[in-house]
Amino acid sequence: MKLEERLEEMLSILTKADRAISGSELSKKLGVSRQIIVQDITRLKNQGNNILSTPRGYVLDHEDEYNRIFKVYHTVEDTEKELNLIVDLGAEVRDVFIFHKVYGEIHANLGIRSRRDVKSFCDDIRAGKSFPLSTATAGYHYHTIVARDSETLDLVEKELKAQGFLAKLTAFEPDALEKQI
C-alpha cells in the first residue's frame, strides 16, 4: 500500500471509529510498523486533521461536536463517579487540565467516552501507574466535555452541579478561561 492510500485508509478508520484506535491496532490493519503509524499520524495532523493522542490511542476530533470547559472539584475517590456521570449522559471527557501556581497549565488528553474507558482509567490510577492531576491542586481541575449537542452539555452542567462537583472560578484563573466557562 502506497503512502497516500495508507493515509486515506487511516483517516477512514479514525473517522468511522466510535472509540480510540491504538497505534498497534492501526499497525496491524495497515501492515506497517508502529513507528510508521506515528509518522503517518504526524503527516495527517500537518494536513490539518485534528487527531488527538490519548492514553488509549488516536481519536479524530469531529467538527460537528459541541464542547464546554467545566471547572470541577472532588476527591480522588469520586473520580469514577464524576466520569461515569458525564459518559452516562452521552458526552465525552476530552481532557483534563489544571492551572498550577508554579508550573502553570498542565494538560492531558483523555478521550473517555464510555464506562469501559472510565474503568480502564480508574484501574490505572488505582494500580499506581499515575495519579490524577487534581492531586496537585487539592482536587480542583478542568475538563473539556464534548457532546453532539448543546443540550447534552447543559445536562452535564446541571448534573455536575447537583452532585456538588461543579466549582466556581477564583481570581487565580486566567481571564480567557472565564469567557469559555
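Kindly provide the set of residues from the stretch 17-33 that are among the basic types (Lys, Arg) and either more than 24 Å from residue 94 (Cβ to Cβ) or in the same structural domain as residue 112 (by TED's automatic domain parsing) (or both), ordered by number.
Step one: filter the stretch 17-33 for residues among the basic types (Lys, Arg), giving 19, 28-29.
Residues satisfying the conditions are 28, 29.
For every residue, the table says whether it meets (1) over 19 Å from residue 76 (Cβ atoms); (2) modelled with pLDDT of 95 or more; (3) in a helix (DSSP H, G or I); (4) in contact with a strand residue (DSSP E or B) (Cβ under 7 Å, 6 or more places away or on another chain).
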| site | (1), (2), (3), (4) |
| --- | --- |
| 94 | yes, no, no, yes |
| 98 | no, no, no, yes |
| 102 | yes, no, no, no |
| 105 | yes, no, no, yes |
| 108 | no, no, no, yes |
| 111 | yes, no, no, yes |
| 117 | no, no, yes, no |
| 122 | no, yes, yes, no |
| 129 | no, no, no, no |
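Being out of contact with any Phe, Trp or Tyr (no Cβ under 8 Å at 6 or more places or on another chain), within 30 Å of residue 138 (Cβ to Cβ), basic (Lys, Arg) and not in a loop (DSSP other than H, G, I, E, B) is true for just one of 81, 45. Which residue is that?
Details: 45 fails: within 30 Å of residue 138 (Cβ to Cβ).
Answer to the selection: 81.
Tell me, which residue of the stretch 154-181 that is assigned to a loop (DSSP other than H, G, I, E, B) and at pLDDT 95 or above is surrounded by the most Cβ atoms within 10 Å (Cβ to Cβ)?
In the first step, residues of the stretch 154-181 are kept if they are assigned to a loop (DSSP other than H, G, I, E, B); the result is 163-165, 167-174, 181.
With at pLDDT 95 or above added as a condition, the list becomes 163-165.
Working: 163: 14, 164: 11, 165: 20.
Result: 165.
When the residues of the stretch 136-153 are narrowed to those that are surrounded by 14 or more Cβ atoms within 10 Å (Cβ to Cβ) and in a loop (DSSP other than H, G, I, E, B), which ends up modelled with the lowest pLDDT? Can you show your working first?
To start, the set of residues in the stretch 136-153 that are surrounded by 14 or more Cβ atoms within 10 Å (Cβ to Cβ) comprises 136-137, 139-148, 152-153.
From what is left, the residues that are in a loop (DSSP other than H, G, I, E, B) are 139, 148.
Values: 139: 93, 148: 87.
Among those residues, the one meeting the criterion is 148.
The values are calculated or read from the model by the stated rules, or taken from the named source; none is laboratory data. Note that the coordinates shown come from a computational prediction; the quantities given were computed from them, not determined experimentally. Cβ: placed from backbone, ideal geometry, glycine included. Neighbour counts: every protein chain shown.
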